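Peer 1: Below you'll find the structure I mean.
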Amino acid sequence: MKYIFNLLVCCLIFSASGIAQIKMPAPSPTQFIKQDFGLSSIELTYSRPSLKGRNVFGTVVMYDSLWRTGANSATKIKFNDPVEILGHKVDTGIYAIYTIPHKNGEWTFILNKGFNNSGTSGYNESEDVFRQEIKSTKITNKIETFTMEFTDIKAGSCNLSIRWDNVVLNVPIMEDIKDKLRSQLESALSSDKKPYWQAAQFYNEYDNNKPKALEMVNDAIAQNEKPPFFMVYYKAKIQKEMGDKKGALATSKESLKLSQDAGNGEYVLMNEKMIKELK
């Protein structure tokens, strides 16, 4: 107790001496990521410790023990639309991410409601939204600084990738956007300014309704005084996927001419490739 008192006195004397205080770099700096995903976004806030010559797993991060999955405060993730993670439905909101690494390469991934926790302090298992076992992957090149990022991003799916030392854990996140898009389109198609181009993409890429997509892309082309080369190419793609090689060939040749007139080298090459495949 006397030692602590003397230490406090020394600190007060040092502060009062007028010596300038220097702001030092954070040992585990915080990173904030906002990733556009689906029809909204996901936000992630976490701290990033480094190896500094250490072998982390089994020593710094103990096997079979709860880990804050980073450093400092609990790692926070915010979903601005409902999602599905590892088969579990997750509502809109802010959550904490915890993990339990195991020596056999399996990890327990935990989504918890205690996003204001200070690391593992305050963690309560009763606040778990879910916990799920997931297999990690070993890599040859060590990752110095703990990293979390969103990878393999598609319209309705992505991975939350957790990487440190020689371990990678990829957590799949899904969002069902098909019904939301359909509702928006049906409402918009009843208005005066009909979004035929967006409708063509929806029916082709999300609804797998090729005849409807072809109808919509024809309507989209007709909305323009001069047919846009990219829309005409898109029509050729749909025709090709429907098995109409003759129609696709004629449409691709039209798009090639339009692309050449517009000076768009990328679409010139794309059309030349398609024409070669269709002949």
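Peer 1: Which of the residues spanning the stretch 125-139 are acidic (Asp, Glu) and either within 29 Å of TYR206 (Cβ to Cβ) or not in a strand (DSSP E or B) (or both)?
Peer 2: GLU125, GLU127
Peer 1: Select from the stretch 191-200 the residues that are in contact (Cβ under 8 Å) with a residue 12 or more places away in the chain and surrounded by fewer than 17 Cβ atoms within 10 Å (Cβ to Cβ) and write down the one among them that is nearest to the chain's Cα centre (by Cα).
Peer 2: Ranking the qualifying residues of the stretch 191-200, first place goes to GLN198.
Peer 1: Hey, another quick one. Could you figure out which of (1) surrounded by fewer than 17 Cβ atoms within 10 Å (Cβ to Cβ); (2) in contact with a helix residue (DSSP H, G or I) (Cβ under 8 Å, 6 or more places away or on another chain) isn't true of ASN208?
Peer 2: So ASN208 meets the others, but not (2).
Peer 1: Those residues that are touching a Leu at 6+ places or on another chain (Cβ under 8 Å), surrounded by fewer than 16 Cβ atoms within 10 Å (Cβ to Cβ) and touching a residue at least 40 places away in the same chain (Cβ under 8 Å), I need them from the stretch 150-190; list them, please.
Peer 2: PRO172, LYS180
Peer 1: Check the stretch 80-91 and report whether any residue there is in contact (Cβ under 8 Å) with a residue 40 or more places away in the chain, out of contact with any Ser or Thr (no Cβ under 9 Å at 6 or more places or on another chain) and of a type in the set (Gly, Ala, Ser).
Peer 2: The answer is yes; a qualifying residue exists.
Peer 1: Something else about it: Is it the case that ASP179 is farther than 25 Å from ILE85 by Cβ, modelled with pLDDT under 95 and of a type outside the set (Lys, Arg)?
Peer 2: no
Peer 1: Okay, next question. Would you point out which residue out of THR69, THR59 is in contact with a Ser or Thr (Cβ under 9 Å, 6 or more places away or on another chain) and either closer than 19 Å to VAL129 by Cα or hydroxyl-bearing (Ser, Thr, Tyr) (or both)?
Peer 2: It is THR69.
Peer 1: With the requirement that a residue be under 26 Å from PRO82 (Cα atoms) and polar (S, T, N, Q), what does the stretch 182-208 give you?
Peer 2: Of everything in the stretch 182-208, those that are under 26 Å from PRO82 (Cα atoms) and polar (S, T, N, Q) turn out to be SER183, GLN184, SER187, GLN198, GLN201, ASN204, ASN208.
Peer 1: Checking GLY93 against (1) within 16 Å of the chain's Cα centre (by Cα); (2) within 22 Å of ALA155 (Cα to Cα), only one condition comes out false. Which one?
Peer 2: (1)
Peer 1: I'd like to verify a number: residues in the stretch 229-262 that are among the polar types (S, T, N, Q) and either out of contact with any helix residue (DSSP H, G or I) (no Cβ under 8 Å at 6 or more places or on another chain) or within 15 Å of ALA200 (Cβ to Cβ) (or both), how many?
Peer 2: Adding up the residues that qualify gives 3.
Peer 1: Let me ask something else. For the stretch 228-247, which positions are of a type outside the set (D, E, K, R) and either over 35 Å from the mean Cα position of the chain (by Cα) or surrounded by fewer than 16 Cβ atoms within 10 Å (Cβ to Cβ) (or both)?
Peer 2: MET242, GLY243, GLY247
Peer 1: Picking from LYS135, LYS113, which residue would you name as being surrounded by 13 or more Cβ atoms within 10 Å (Cβ to Cβ), of a type in the set (Lys, Arg) and either more than 21 Å from LEU51 (Cβ to Cβ) or in contact with a helix residue (DSSP H, G or I) (Cβ under 6 Å, 6 or more places away or on another chain) (or both)?
Peer 2: Sole residue among the options that is surrounded by 13 or more Cβ atoms within 10 Å (Cβ to Cβ), of a type in the set (Lys, Arg) and either more than 21 Å from LEU51 (Cβ to Cβ) or in contact with a helix residue (DSSP H, G or I) (Cβ under 6 Å, 6 or more places away or on another chain) (or both): LYS113.
Peer 1: How many of the residues in the stretch 159-197 are over 19 Å from ASN224 (Cα atoms) and either in a loop (DSSP other than H, G, I, E, B) or not polar (S, T, N, Q) (or both)?
Peer 2: 23
Peer 1: Moving on. Given the residues LYS103, LYS142, LYS154, which is the only one that is more than 19 Å from LYS78 (Cβ to Cβ), assigned to a strand (DSSP E or B) and basic (Lys, Arg)?
Peer 2: One residue alone meets the criteria, LYS142.
Peer 1: Quick check on the stretch 27-83: of everything there that is of a type in the set (D, E, K, R) and assigned to a loop (DSSP other than H, G, I, E, B), which residue is surrounded by the most Cβ atoms within 10 Å (Cβ to Cβ)?
Peer 2: This residue is ARG68.
The values are calculated or read from the model by the stated rules, or taken from the named source; none is laboratory data. Computed from a prediction, not measured in an experiment: that's the story for all the values here. All Cβ positions, even for glycine, are placed from backbone atoms using ideal geometry, and neighbour counts span all protein chains on display.
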